[in-house]
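S.K.: Below you will find the structure I want to go over with you.
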């Protein structure tokens, strides 16, 4: 019964194509592929904004005494005065760099773009379960983006309490001079939460209920697994942030005191609620990247994913652990030390599934036939960088060591190894990898490789020394470190980091150029340029509205490369009929 | 595999005709509500009031979920979806409460 | 679409439940977490400052709210009755029960608005005149939790009104019950949340 | 470029640094293993025309090995960390007869209240000094940490001490300096636009010097 | 001008502000406003019909001793003071004259020229200069920093919109305005707890702050009967009647003594901005 409905809608979608106006087709589209591309452009824009904020910060950190900010004159006096970035503007930069990158760039790029694009294609359905909600999930992000950008230009400037929004600093305008800007960002967060929840409902429902025939749970590509688990995390974590954010807005505007001690409220409650959301959020930001990496590594190595089931189990256990470790962000917060004890142990155990994943990725490369194209390079880069990020996490998980390195640049290094070296590397890889499917053209390989090496080298020059700066004891979010006796002697390192950061930012424009240039001038892509097995590659590039004339039937696992029974090629598409190829190939 | 769809459809038809006793549940809920209000003002120790009120609240919530929301008649897989957030809720509240231990 | 063409191409079984229902349950999971955030904060804040709470009945009007709770329970039963009527194709029943549910929901909201006005204008609490969200943690948590519940009821009433209009146009029937069932799930969830809120906010 | 932990001056610092180096060695080995492996694989298995990858879905034995070994290392590390943590922070290990100071953070100052000659807080001879923290060496020191407005974090790198000061809470922090010296208190939690400037000087005196310093402050305190 | 533009844009709330950004529509509007106010006001001053008010704030009796300020943690600032070191400035008396009394015409003024020029508030050696400042509503206040270290300027008015800005280095300036009359607006630096200034905002230019010798003088006051109010941070307010004749000099003096300390001071030391309501609560310190 349900099938017939699905089929019918599929047909309806296919026929609708010819009658749609431009507005319905490209702006208020309910096609998951168009929505994904909208998300992609939106998030690339905010990636640039977030990067720009970081560049301003790096200038200030490296040359706090110089003034003379290049183009400082274009900023109003309330941000940059006499060529000096003002501390309040710096706080806004710190806060909004983190907020924009997490909520408006990386999270929607991982989930909004790729869950939208890949779930229906890789599962073999015509579209998402609820296409109109899907459209809404993009359009809810638009007011969020506008509020965020506009908040820089209101009296008092943008939010300046850090992306973690710790109350009471975030709740009391009289202590920061930031009033409206903070409220606008919180309102943006509520919109982001709405978008995220609507998206997640869609992803979960589609994955549970709309898989193509033969697409059993254990035949789902790891990308889908990771996006599915991510959606569950977002579904359960985002509402808590929304609730907390709304309480914080009330504290600011209508005189409640949920998080204000003078009215009986509790600052630590904010931290608990924030990190109850925040730690699953961290995994929302990395799990999809792990999925893309598994996929790209498998394709690029021409080998099945090593230990597919272990990978799935590791994903699930990371997600589960994600809900019981949030306290490790609060070891020095005045939380009950007994809680610290339990959170230490649970936190350290995240290293186990992370190790499983890393070794399995290496296992996937082992005895492979590595095709080192740009996407593959970024995927390998992900494994290398994620390993560093994961290992540096062990230092923080160990509570006694965390006493010293908490809130220092060691943490900054750690999160950037995971979020930039991890998530963003995987995202670049994913864009290089799926670009031909999205736009029907290949991105330029030479530019791609130059982009990879620039990014890889400069990234490490930027963030590896931060471990050292953190060991020296440089605190996070410090506007000017030169006044501290124990921070003498790190000026050169900071300048080096800043120069490399400028280079890293610039290399992003090479990517942007490649992206837009290839739209028009890139080599035309065939349906399956990478000889990949998953379903999306068995459609034309780009796929038509509605994806499939006829829903495919799945006969194989997701990553069947170099199967010994297939001789004329080294891959076996998921929907290839076994009787056409070989009777033995249907396993797993 | 086509049986699967058929099975789902027939399952839906089955309980369509055997209506759970909606009015009985309604009476049940109404009586529990009255009981709750009465218990709240009894002159017994506060903790006894709290415990009995919580039990009755959960009881009522279960009645609504099982009968009005049909969880009693749904496949186990859907029940699993409905139960999914409860561990997270429990972990959150227990851990935050540990600040007071 | 002929049945023959779909044979052998049935999608994976999923939950054996139609998609809209799965979607609503998934959405309700996130709603559970939203209210858990609010209720959890309430529990923690109350533990931290127990003496700033009034005894039940001192500030809040329990009889009126108990009546309101009863209204919401009644609306739940009319909601399931509407679904049952739809399954049987009883057009008169669908219209009657959907209309009743809408009206009961609207009445609930009306009583809540009346309650708010009474509290803000006529109650005094800890020296200050008027029991408002700014009146300590008690007022803040009370208005936040009941307010968000009220907001959910409002959304439900709007959807119910729309469903009722559709009922008059003959939209629902034995072959078209999904919308009513899914809306019902939401409505019962709102009822369920109120059952918890009524107990912990008004009676404890 | 001097990327090292600052010299340690406290008893807790010894175990903290030790744990830091233990973790550095463990993660260093893992780092070399992983990064070396990746580079080696990239070179050894780089794509060649006509080559074919080895077809395998994995090995349960290997999965078990690389689940169990990290788990064991982690369990040991976790147990060790938990014990050290309890030693440092566990409320049962709070020194009983420590010299107590009250430290109140506010935007953007540290106000330290000294117990005076009677070595007890809350008595008439208490006095408060802005942004100067003096205390004697080789003695258990407990500070009662409070905040007037927002969350600050009390951080003395050389003593390996860090604790957030949360408004509405009084959090005890204890430590024991092993050498005299001059350091700084830094604020490690973003507390507003003057966050970077919220520093105070720390002077660890010998016992005699501390008494002398305290006496020199007494006239000011008398007012 | 520039900060004016941004403030106005801000009022348009975000989206619109962004759109207006390139256009500069806000800025020209602002300019028109200023010109419109200035033109008729300038005509109102007729040199033939104005007089001067001058007088003293006298102080009799025991002068309270001021507390020493502990600036030891800010060596650069401490170096700017003599052997005694910096002292508090609450009550400054010299030869029987009380400095830092804000005097202004509180009643009887009708129509006044618009503000012209800018008032200056400097931060020198971790102190505000001047300690008490008078400005006209809408007048530019140029806040500057002469210390090469961080100060923040946290103004907490009740009627006006407050601000909390910082100046991390010497030479940085910022222009602020108060649009509504308010006596007094407390200004403090959170980095240096002892730093405190007061800004008196009135609707006309007929105000003055007594100098170190306790004297003041207000010129160009239109002839007429007025009530004068004097405000001091420790001794509260005091009023006097004064009649100004064309070309004449009217005298109005205010007498203070040590016993008055502890009077009902509207702006004491501890001013607490009540969160949420944005009301100032005066918290008397012992």
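Since every read-out is calculated from the coordinates, none of them should be taken as a lab result. All of these numbers come straight from a predicted model, not from anything done at the bench. In this analysis, Cβ positions are derived from the backbone assuming ideal geometry, glycine residues included, and neighbour counts consider all displayed protein chains.
S.K.: Using the alpha carbons of chain A, what is the convex hull volume per residue in cubic angstrom, as a whole number?
M.R.: It is 157 Å³ per residue.
S.K.: Per residue of C:77-89, count partner chain C-beta atoms within 10 Å of its C-beta, then hand back the mean as an integer.
M.R.: Other-chain Cβ atoms within 10 Å of each residue's Cβ, averaged: 4.
S.K.: For region E:151-241, what ratio Rg/Rh do Cα atoms give with a Kirkwood hydrodynamic radius? Kindly include the intermediate steps, with their values, before the conclusion.
M.R.: Details: Rg = 15.5 Å, Rh = 15.3 Å.
Rounded to two decimals, Rg over Rh is 1.01.
S.K.: Still on this structure: Quick one: what does P(r) look like for region A:77-190 with 10 Å bins over all Cα pairs, in whole %?
M.R.: Going from the shortest bin to the longest, the percentages are 14, 38, 24, 15, 8, 2.
S.K.: Moving on to the next point. Given a Förster distance of 30 angstrom, what is the FRET efficiency for residue D:148 paired with residue C:54, based on the Cβ-Cβ distance and rounded to 0.05? The partial results should precede the final answer.
M.R.: On the way: r = 30 Å, r/R0 = 1.00.
Taking R0 as 30 Å, the efficiency between residue D:148 and residue C:54 is 0.50.
S.K.: Most fluctuating residue of D:143, D:76, D:38 in a GNM of chain D with Cα springs under 10 Å: which is it?
M.R.: Of the options given, D:38 has the highest mean-square fluctuation.
S.K.: A further question on this structure: Give me the orientation-averaged projected area of the Cα convex hull of chain C, in nm², one decimal.
M.R.: 13.7
S.K.: Scattering from the C-alpha atoms of region A:232-317 alone, worked out with Debye: what is log10 I(q)/I(0) at q = 0.16, 0.19, 0.23, 0.25 1/Å?
M.R.: -0.71, -0.85, -1.05, -1.14
S.K.: Rg/Rh for the protein assembly as shown: what does it come to with C-alpha atoms and Rh from Kirkwood? Before the final figure, lay out the partial values.
M.R.: Values: Rg = 34.7 Å, Rh = 34.8 Å.
Rg/Rh for the protein assembly as shown comes to 1.00.
S.K.: Please report A:544, B:21 as a ranked list, fewest other C-beta atoms within 10 angstrom at the top and most at the bottom.
M.R.: Sorted ascending by nearby Cβ count, the order is B:21, A:544.
S.K.: Going by alpha carbons, how many degrees (0 to 90, nearest 10) lie between the helix axis of A:374-397 and the longest principal axis of chain A?
M.R.: The helix A:374-397 is inclined about 40 degrees to chain A.
S.K.: While we're looking at this one, here's another question. When 1/r is averaged over all different Cα pairs and the result inverted, which Kirkwood radius in Å belongs to region D:149-223?
M.R.: 14.2
S.K.: For region A:291-366, what does the equivalent ellipsoid look like in terms of its semi-axes, each the square root of 5 times an eigenvalue of the Cα gyration tensor, given largest first in whole Å?
M.R.: Gyration-tensor ellipsoid for region A:291-366: 33, 10, 9 Å.
S.K.: Next question, about the same structure. How big is the Rg/Rh ratio for region A:1-248, C-alpha atoms only, Rh by Kirkwood, two decimals?
M.R.: When Rh is taken as the Kirkwood radius, the ratio is 1.07.
S.K.: Let me understand region E:139-178 better: what is its radius of gyration from the alpha carbons, and its Dmax, in angstrom?
M.R.: Cα-based Rg and Dmax for region E:139-178 come out at 10.7, 32 Å.
S.K.: Just check region A:346-411 against the gyration tensor rule for me: Cα atoms, a ≥ b ≥ c as the square roots of the eigenvalues, rounded for a/c under 1.5, and otherwise prolate or oblate depending on whether a/b exceeds b/c.
M.R.: In terms of gyration-tensor shape, oblate.
S.K.: Wrap a convex hull around the Cα atoms of region D:11-91, take a quarter of its surface area, and give that in square nanometres.
M.R.: Working: hull surface 30.3 nm².
For region D:11-91, averaging the hull's shadow over all directions gives 7.6 nm².
S.K.: Once a ≥ b ≥ c are taken as the square roots of the eigenvalues of the Cα gyration tensor of region E:35-171, is the result rounded (a/c under 1.5), prolate (a/b larger than b/c) or oblate (a/b not larger than b/c)?
M.R.: Oblate, because a/c is 1.5 or more while a/b does not exceed b/c.
S.K.: Hull surface divided by four, with the convex hull built on the Cα atoms of region D:99-222: how many nm²?
M.R.: 6.9
S.K.: Mind pulling the angle between the C-alpha long axis of helix C:19-48 and the longest principal axis of chain C? Nearest 10 degrees, somewhere in 0 to 90.
M.R.: Compared with the principal axis, the helix lies near 10 degrees.
S.K.: Grab the DSSP H runs of chain D that are 4 residues or longer, score each as -39,500 (n - 2.57), total them, divide by all residues and round the 222 nm result to the nearest 500 deg cm²/dmol. Display every interim value, and only then the final one.
M.R.: Values: 3 runs with 80 residues, N = 223.
That comes out to -13000 deg cm²/dmol.
S.K.: Let me ask something else. Need one number: nm distance between label points at residue B:28 and residue E:120, each 7 Å from Cα along Cα→Cβ, rounded to one decimal.
M.R.: Distance between label points: 8.3 nm.
S.K.: Above 27 Å lies some portion of the pair distances; for region E:49-264, what is it as a whole percent of all C-alpha pairs?
M.R.: Working: 8104 of 23220 pairs.
Considering region E:49-264, 35 percent of its Cα-Cα pairs are separated by more than 27 Å.
S.K.: While we're here: How do B:60, B:46, A:569 line up, fewest other C-beta atoms within 10 Å first? Walk me through the numbers on the way to the answer.
M.R.: Details: B:60 25, B:46 9, A:569 12.
Starting with the residue having the fewest Cβ neighbours, the order is B:46, A:569, B:60.
S.K.: Take every Cα-Cα distance within region A:207-268, group them into 5 Å bins from 0 onward, and report for each bin the whole-number percent of pairs it holds.
M.R.: 4, 14, 17, 13, 9, 8, 8, 7, 8, 7, 4, 1, 0
S.K.: How long are the semi-axes of the ellipsoid equivalent to chain D, from square roots of 5 times the Cα gyration tensor eigenvalues, in whole Å, largest first?
M.R.: Values: eigenvalues 492, 71, 53 Å².
Result for chain D: semi-axes of 50, 19, 16 Å.
S.K.: Quote the Stokes-Einstein diffusion coefficient, in whole µm² s⁻¹, for region A:505-567, based on the Kirkwood radius over alpha carbon pairs, a temperature of 10 °C and a viscosity of 1.306 mPa s.
M.R.: Roughly 108 µm²/s, to the nearest whole number.
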